[in-house]
Amino acid sequence: MKFLPALRSLLALAGLFVAQFSLLAQRGAPAPTFVAAPYHASGIYAAGEKAGWTITPVPGVTPPTGDFTYTVKTNNSATIKTGTFNLSSGPATIEVVQNDPAMLYVQITPPPTAPTPAPEGPAAGPAAAATVAPNATLPAAARGNGGRGGRGGAGGPRLAAAIAPTKIKPSVPRPADFDAFWDGKLAELANIPVNPSLTPVPANKDGIALFTVKLDCASPGLTDTRWACYGLVS
């Protein structure tokens, strides 16, 4: 298959993303309470092999009391396992065995925090009622995406792993003219000068240079008119 080398490169790059769960603190965010290290540094496992993570409290940081809950899904769809872990007595693990090729996604929900006591005295009133912040003990930097932490999301941090990714099959049959179609598109694109251009655009934060990039590209087949592709770079 002509696209197999590119597929391997993409999988290798994906491995870098799903491998590391460092829960790096974002600028101005509180320090994370734990780190999750995958059993395989690549984040990639064979079908039927035990995949998992070791959950360890950050040295010098007191983890939240109570049970963390987690849900494991294949391809972010079917739930295959749920469970809990508690860091009050030390490290914990999340383990799962998946016999078929798939992507695993793990959603972790931290334990709820204790209600905030209402102030005493004349200031007390409806506006000073106690509130519960389920994620208050887990900083935004620790609510991640992928096997390494990542950007914030509802509910808590997420982990990911790839199970036999090179054996994951397309959801629909491969068209008979797949290679011919894309060979023709690549040849058509190769005859079109890229003509790149950058146009400055306002950014919503200071210190960031933001540009619109424009590239000439082939028509999607709807018309004979040459099209342009647009994107943003900073």
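The values are calculated or read from the model by the stated rules, or taken from the named source; none is laboratory data. What you are looking at is a predicted structure, and each value in this text was computed from that prediction instead of being measured. Reconstructed Cβ throughout: ideal geometry from the backbone, glycine too, with neighbour counts over all protein chains shown.
Here T109 does not fit the description of being of a type in the set (V, I, T), loosely packed, with under 12 Cβ neighbours inside 10 Å and either within 21 Å of T54 (Cα to Cα) or modelled with pLDDT of 90 or more (or both).
Of the candidates P64, P59, the single residue that is in a loop (DSSP other than H, G, I, E, B), surrounded by 14 or more Cβ atoms within 10 Å (Cβ to Cβ) and modelled with pLDDT under 95 is P64. For the stretch 197-211, how many residues are exposed (fewer than 10 other Cβ atoms within 10 Å of the Cβ) and in contact with a Leu (Cβ under 8 Å, 6 or more places away or on another chain)? The qualifying residues number 2. Taking the stretch 43-56, which residues are surrounded by fewer than 18 Cβ atoms within 10 Å (Cβ to Cβ) and either assigned to a strand (DSSP E or B) or at pLDDT below 95 (or both)? Selection gives K50, T54, T56.
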